[in-house]
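**Student:** Supplied in structure tokens, the structure appears directly below.
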């Protein structure tokens with residue numbers, strides 16, 4: 001197969017510590033060992049076969065020499081066990097690919113099963129550790145094949161004959177009906193003893209049982225159950241089990257534009273992405289993951305909250321230095337290939353809102369109170385009070401100059417609002433009066449400086465004319481009610497100026513080959529999460545039929561296994577960006593839940609996730625419905641809050 005497969009041709013298998021990308025031609029072209037952020041041992045995804053791959057497939061590929069062979073694939077039930085089947089002129093065969101959840105060394109297990117007739121098969125494993133840069137020493141030890149390179153040892157165990165050929169471990173064999181052959185790739189440190197001989201069939205049974213038990217814990221029973229379940233499994237696969245950290249995606253440098261430079265490493269834990277991912281999982285009844293992430297948050301942040309980073313390594317590492325790998329040509333020539341991420345040093349004020357919002361949702365979902373988390377929460381608010389008026393790089397991690405992004409300020413408001421709610425509920429011991437003032441101050445500023453009266457829309461940043469799809473979240477987070485004219489105007493403006501002809505949504509305007517607000521050259525595809533945000537905004541503003549139509553269109557973008565990348569190219573009709581993307585699957589779950597909630601309401605009245613509680617100060621106060629809760633000071637009487645007036649009451 002000379003042409004590089006499209007992103008959507010890949011399936012995901014994993015063990016909650018790392019993952020592998022399996023192509024529909026039977027090849028594994030991306031695998032990092034032993035962790036998500038380790039150097040890859042198969043890197044054909046970003047290069048060529050010489051950079052590492054492992055293919056198991058019929059010896060006579062589909063379409064050659066008159067063969068009628070075709071490949072079909074699916075996940076086995078609600079699991080992460082991938083089944084690929086081929087039909088050839090001489091018989092049919094299937095391969096089960098999976099990674100058992102583990103406490104010890106990682107394993108990739110591939111079980112070949114004959115269905116009918118006889119099929120000649122080939123397994124060719126070409127390991128290239130160090131992101132495809134190192135040729136290992138391949139040799140036999142006690143009848144087992146091992147590839148060693150520096151600190152890494154890859155052991156390949158199988159019951160069929162193996163030979164080393166041109167830097168690859170090759171097995172040619174025939175599989176008949178009701179016969180099977182298992183291949184198990186195990187990683188361990190090269191200085192350690194050989195891993196134990198594997199038991200592949202037992203591992204398959206245990207892996208299927210693990211996923212069955214986990215999926216049965218879910219509580220969502222509304223429409224779109226299958227895509228919600230598959231998205232939940234995909235998100236679970238991106239959680240690093242030992243620490244609770246969540247990767248934004250398990251890949252690096254899959255491009256946002258084919259041939260472009262917008263290629264980033266997503267194998268880290270963004271506070272924003274992890275928080276919103278957990279919000280989606282909490283919405284389907286997953287509290288254990290929220291508890292694990294809360295412990296990760298304390299370990300990563302609590303000792304040094306004044307130097308809060310927007311992302312960390314999966315076990316809390318702070319040094320995520322970005323560098324390029326010049327020996328890799330990149331996916332379809334999209335260079336450079338990067339590892340590490342320089343955005344870790346950016347100021348992104350919205351992360352305070354996402355983190356605190358998730359802590360609030362965890363409380364609402366019944367996750368037990370944690371005194372240490374409450375102390376961290378108070379410290380985060382203290383630092384937000386000192387920072388919220390600063391310009392920042394925003395949630396899109398621009399590499400241009402800092403700006404006063406509207407979304408960043410809205411999420412700062414969310415942080416304060418959810419803190420007030422938690423204090424009202426007795427979960428935090430804090431002085432509320434300054435917080436109430438601060439909430440109103442932020443609201444007043446956003447509605448004054450971030451709103452374009454002439455166009456009736458919120459803008460990307462203060463004083464700008466550009467729009468930003470992130471403003472679609474304003475009703476979702478409760479900043480303004482969905483029936484506010486400013487909300488409706490913003491939704492209409494985003495649809496008009498940021499939508500593609502088929503209704504998908506771009507994040508913000510890009511300027512072709514010239515640098516724009518993000519400081520980068522080139523363009524990008526429609527952002528799948530932003531399109532789900534539009535689904536939510538349409539539903540909340542009373543356009544439920546349009547919301548359902550767009551949601552169905554987005555479901556059709558998933559690949560045959562139900563997986564979504566970060567972006568979509570509506571012209572070439574292909575997925576773009578790192579894959580699978582937690583943001584995209586989180587958006588799918590949240591939109592499905594909201595559509596179910598609103599479709600079940602007998603009244604046409606639409607509400608955001610948070611009931612609108614008070615009248616904010618804004619440029620159009622008469623247009624904002626709502627009443628002042630009993631005992632709360634009307635916002636029109638509040639004066640701007642000096643940041644020094646905020647006082648925390650310690651435990």
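**Student:** Of all residues in the range 177-217, which are assigned to a strand (DSSP E or B) and exposed (fewer than 14 other Cβ atoms within 10 Å of the Cβ)?
**Tutor:** Correct list: 189 only.
**Student:** May I ask you to list pairs of residues, at least six apart or on different chains, whose Cβ atoms are under 6 Å apart, with the first in the range 326-345 being farther than 17 Å from residue 266 by Cα and the second being modelled with pLDDT under 95 and surrounded by 15 or more Cβ atoms within 10 Å (Cβ to Cβ)?
**Tutor:** Partner pairs satisfying both residue conditions: 332/4; 332/258.
**Student:** Anything in the range 482-502 that is in contact with a strand residue (DSSP E or B) (Cβ under 9 Å, 6 or more places away or on another chain) and not in a helix (DSSP H, G or I)? List them, or say none.
**Tutor:** Answer for the range 482-502, where residues must be in contact with a strand residue (DSSP E or B) (Cβ under 9 Å, 6 or more places away or on another chain) and not in a helix (DSSP H, G or I): 499, 500, 502.
Each row is one residue, and each column tells you yes or no for (1) surrounded by 21 or more Cβ atoms within 10 Å (Cβ to Cβ); (2) touching a strand residue (DSSP E or B) at 6+ places or on another chain (Cβ under 7 Å); (3) farther than 21 Å from residue 342 by Cβ.
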site: 277; (1), (2), (3): yes, yes, yes
site: 280; (1), (2), (3): yes, no, yes
site: 288; (1), (2), (3): no, no, yes
site: 298; (1), (2), (3): no, no, yes
site: 301; (1), (2), (3): no, no, no
site: 305; (1), (2), (3): no, no, yes
site: 310; (1), (2), (3): yes, yes, no
site: 315; (1), (2), (3): no, yes, no
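**Student:** Being more than 21 Å from residue 129 (Cα to Cα), modelled with pLDDT under 95 and in contact with a helix residue (DSSP H, G or I) (Cβ under 8 Å, 6 or more places away or on another chain) narrows it down to one of 235, 281, so name that one.
**Tutor:** Answer to the selection: 281.
**Student:** Could I ask something else about it? Looking only at the range 447-479, which residues are under 15 Å from residue 509 (Cα atoms), in contact with a helix residue (DSSP H, G or I) (Cβ under 7 Å, 6 or more places away or on another chain) and in a loop (DSSP other than H, G, I, E, B)?
**Tutor:** Hits for the range 447-479 are 459, 460, 467, 468.
**Student:** Follow-up question, since we're still on this one. Among the candidates 156, 254, which residue alone is assigned to a loop (DSSP other than H, G, I, E, B), touching a strand residue (DSSP E or B) at 6+ places or on another chain (Cβ under 7 Å) and under 20 Å from residue 19 (Cβ atoms)?
**Tutor:** Checking each option against the conditions leaves just 254.
**Student:** Quick check, is residue 150 in contact with a helix residue (DSSP H, G or I) (Cβ under 9 Å, 6 or more places away or on another chain) and loosely packed, with under 15 Cβ neighbours inside 10 Å?
**Tutor:** The answer is yes for residue 150.
**Student:** Taking the condition within 30 Å of residue 600 (Cα to Cα) and at pLDDT below 95, does residue 166 pass?
**Tutor:** Judged against the criteria, residue 166 is not a match.
**Student:** Is it the case, given these coordinates, that residue 18 is at pLDDT below 95, in contact with a strand residue (DSSP E or B) (Cβ under 9 Å, 6 or more places away or on another chain) and crowded, with 22+ Cβ neighbours inside 10 Å?
**Tutor:** Criteria not met by residue 18.
**Student:** So which of 476, 507 ends up being under 24 Å from the mean Cα position of the chain (by Cα) and crowded, with 22+ Cβ neighbours inside 10 Å?
**Tutor:** Sole residue among the options that is under 24 Å from the mean Cα position of the chain (by Cα) and crowded, with 22+ Cβ neighbours inside 10 Å: 507.
**Student:** Here are some residues: 451, 458, 405. Which one is closer than 18 Å to residue 354 by Cα and in contact with a strand residue (DSSP E or B) (Cβ under 7 Å, 6 or more places away or on another chain)?
**Tutor:** 405
**Student:** Considering each of 105, 124 in turn, give the residue that is surrounded by fewer than 18 Cβ atoms within 10 Å (Cβ to Cβ) and in the same structural domain as residue 164 (by TED's automatic domain parsing).
**Tutor:** Of 105, 124, the one residue that is surrounded by fewer than 18 Cβ atoms within 10 Å (Cβ to Cβ) and in the same structural domain as residue 164 (by TED's automatic domain parsing) is 105.
**Student:** Looking only at the range 160-199, which residues are over 25 Å from residue 50 (Cα atoms), under 35 Å from the mean Cα position of the chain (by Cα) and in contact (Cβ under 8 Å) with a residue 12 or more places away in the chain?
**Tutor:** 181, 191, 192, 194, 195, 197, 198
**Student:** Considering only residues that are assigned to a loop (DSSP other than H, G, I, E, B), closer than 18 Å to residue 471 by Cβ and out of contact with any helix residue (DSSP H, G or I) (no Cβ under 9 Å at 6 or more places or on another chain), which ones fall in the range 377-406?
**Tutor:** 398
Per-residue answers, yes or no, for (1) under 23 Å from residue 31 (Cβ atoms); (2) without any contact (Cβ under 8 Å) to a residue 24 or more places away in the chain; (3) touching a helix residue (DSSP H, G or I) at 6+ places or on another chain (Cβ under 9 Å); (4) not in a loop (DSSP other than H, G, I, E, B):
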| position | (1), (2), (3), (4) |
| --- | --- |
| 262 | no, no, no, no |
| 275 | no, no, yes, yes |
| 285 | no, no, no, no |
| 292 | no, no, no, yes |
| 297 | no, no, yes, yes |
| 309 | no, no, yes, no |
| 316 | no, no, yes, no |
| 320 | yes, no, yes, no |
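**Student:** Related question: On the basis of being more than 26 Å from the chain's Cα centre (by Cα), part of a strand (DSSP E or B), at pLDDT 95 or above and under 25 Å from residue 34 (Cα atoms), does residue 85 make the cut?
**Tutor:** In short, no.
The values are calculated or read from the model by the stated rules, or taken from the named source; none is laboratory data. Since we're looking at a predicted model, the values are computed, not measured. Glycine gets a Cβ as well: all are built from the backbone with ideal geometry, and neighbour counts include every protein chain shown.
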